[in-house]
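Here is the structure we will look at, set down as C-alpha cells.
Read the figures in this text as sums done on the coordinates, not as results from a lab. Only a predicted model underlies this, so the values are computations on that prediction, with no experimental measurement involved. Because the Cβ atoms are built from the backbone with ideal geometry, glycine has one as well, and the counts that use them run over all protein chains shown.
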Amino acid sequence: MVAEYRPTPRVTRSLRVNTSPKPNRPPLIGVTADLVDDQVRLRRTYLRELTACGAIGIPIAPIPGTAEAVLDRLDGIVLSGGDDPDTSAFGVPVHQEARLVEPDRQAFELEILELLEDRHSDLPTLGVCLGMQLMGLHAGGHLNQHLPETLPTAEEHRHGAVHAVRGREFDGLVYSHHRQALEDAGSLEIVATAPDGVIEAISCPTRRHVIGVQWHPERTEDEGVGRQVFAALVQEAERGRG
C-alpha cells in the first residue's frame with residue numbers, strides 16, 4: 001500500500017528590504033554610456049577616475065523613458081563624451097561632416113537635462129565633450145559643427161592633442177579630441193577657453209555644481225584639469241547626501 005503524499009507545510013516569511021540611505025557607502029555617480037552596434041559601451045577610464053576619487057561609477061544605459069528612475073538613485077551624474085549632437089532637434093540643419101550620436105542616446109540625455117533643470121536641480125552634474133555640448137544646446141546655446149571651416153587651429157583640438165585651457169576655474173593642459181565646439185553657452189556661463197578662443201568649460205551660476213568641459217578629463221594627465229574635475233564632482237555628491 002502506497003502512503004498518501006502530504007506536502008510538508010511551508011513556513012513563509014516576509015522579507016524586509018532596507019531602503020534607507022547608507023551614509024557610509026561611497027557616493028554613486030552615474031555615467032551615461034554609448035550605443036554602438038546595439039551594444040552599451042563606456043570607457044573604463046571614467047569609472048577608474050571616479051573610483052580613485054572615492055565614488056562608485058555606475059554605467060547608465062541610454063534608454064529613453066527611464067531617466068527619472070535613474071536619477072532618483074544617484075548622488076551625481078556624468079554626461080560622457082561621444083559622437084556629434086543632432087542639431088535638427090534644436091532647429092539647426094546638420095552639417096554634412098557630422099557623425100551623429102545614436103538617437104536613443106541623445107533623447108535620453110536631453111531627458112536627463114530636462115529633469116536636472118526641474119526636479120533634480122541639486123544633483124551634481126559633469127558634462128564631458130558631447131555632454132557639455134548638449135548642456136549648452138539645451139540652455140539655448142549654438143554649436144560650431146565643423147571647426148576646420150572656421151578655425152585655423154582646429155587640428156590642435158583633435159586626435160588626442162594636448163593644449164592649454166585658461167579661466168576662472170580651470171588652468172592647465174588638457175587632452176582634446178573634438179571637431180565641434182559651442183559658439184555660445186546660452187544661459188550658462190563660460191568659465192574657461194583655449195588660447196584660440198574655443199569655449200572649453202561652462203557652468204550654471206544658479207545651481208550647486210553643474211560643470212561642462214570640452215576636453216576629456218578622464219584622459220588628461222594634468223591632475224588640476226583631469227582627476228580634480230572628478231574629485232570636485234564627488235565632493236559635491238558627498239556634501240549633497242548630508
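Sorted fewest first by neighbouring Cβ atoms within 10 angstrom, 187, 88 come out as 88, 187. Taking label positions 7 Å along the Cα-Cβ direction at both residue 72 and residue 95, the computed distance is 4.0 nm, reported to one decimal.
The sum of -39500 (n - 2.57) across all DSSP H runs of n ≥ 4, divided by the residue count of the chain, sets its helix-only mean residue ellipticity at 222 nm to -6500 deg cm²/dmol.
For the chain, DSSP calls about 55 percent of its internal beta bridges antiparallel. 3J(HN,Hα) couplings calculated from phi for segment 102-107 with the Karplus curve 6.51 cos²θ - 1.76 cosθ + 1.60 (θ = phi - 60°) are, in sequence order, 4, x, 5, 5, 4, 4 Hz; Gly and Pro show x. If you take all other residues with their beta carbon under 14 Å from the beta carbon of residue 97, and give Lys and Arg +1 and Asp and Glu -1, the sum is -1. Using θ = phi - 60° in the Karplus curve 6.51 cos²θ - 1.76 cosθ + 1.60, the 3J(HN,Hα) couplings for segment 31-39 round to 10, 5, 9, 9, 10, 9, 6, 6, 10 Hz; x is entered for Gly and Pro. Using a cut-off of 13 Å between beta-carbons, work out the net charge of the residues near residue 173 (Lys and Arg +1, Asp and Glu -1, residue 173 not included). Net charge around residue 173: -4. Across segment 99-235, Cα pairs under 8 Å and at least six residues apart give a relative contact order of 25 percent. Note on residue 149 and residue 184: their simple-model spin labels are 1.9 nm apart, each label 7 Å out from Cα toward Cβ.
Amide H to amide H distances under 5 Å link residue 215 with 129, where only residues 5 or more positions off or on other chains count and H is placed in the peptide plane.
By the count of neighbouring beta-carbon atoms within 10 Å, fewest first, 170, 90 end up ordered 90, 170. Normalised by the residues of the chain, what does the relative contact order come to in percent, with Cα pairs under 8 Å and at least six apart? Relative contact order here is 19 percent. Using P(r) over Cα pairs in 10 Å bins from 0, in percent as the read-out, say which of (i) 7, 31, 34, 19, 7, 1, 0; (ii) 7, 31, 35, 14, 4, 3, 3, 2, 1, 0; (iii) 7, 32, 39, 18, 4, 0 was calculated from these coordinates. For P(r) over Cα pairs in 10 Å bins from 0, in percent, the calculated option is (ii). Applied to segment 136-141, the Karplus parametrisation 6.51 cos²θ - 1.76 cosθ + 1.60 on θ = phi - 60° returns per-residue 3J(HN,Hα) values of x, 5, 4, 8, x, x Hz, with x for Gly and Pro. Taking packing as the residue-averaged number of other Cβ atoms within 10 angstrom, the listed peptides 152-158, 224-230 run from highest to lowest as 224-230, 152-158.
Taking label positions 7 Å along the Cα-Cβ direction at both residue 221 and residue 158, the computed distance is 2.3 nm, reported to one decimal.
The residue 206 and residue 142 beta-carbon pair, evaluated with R₀ = 25 Å, returns a calculated FRET efficiency of approximately 0.75. Arranged from fewest to most other beta-carbon atoms within 10 Å of their beta carbon, 105, 43 become 43, 105.
Annotation: amide H-H contacts under 5 Å for residue 158 (H modelled 1.01 Å from N, sequence separation of 5 or more, or interchain): 178.
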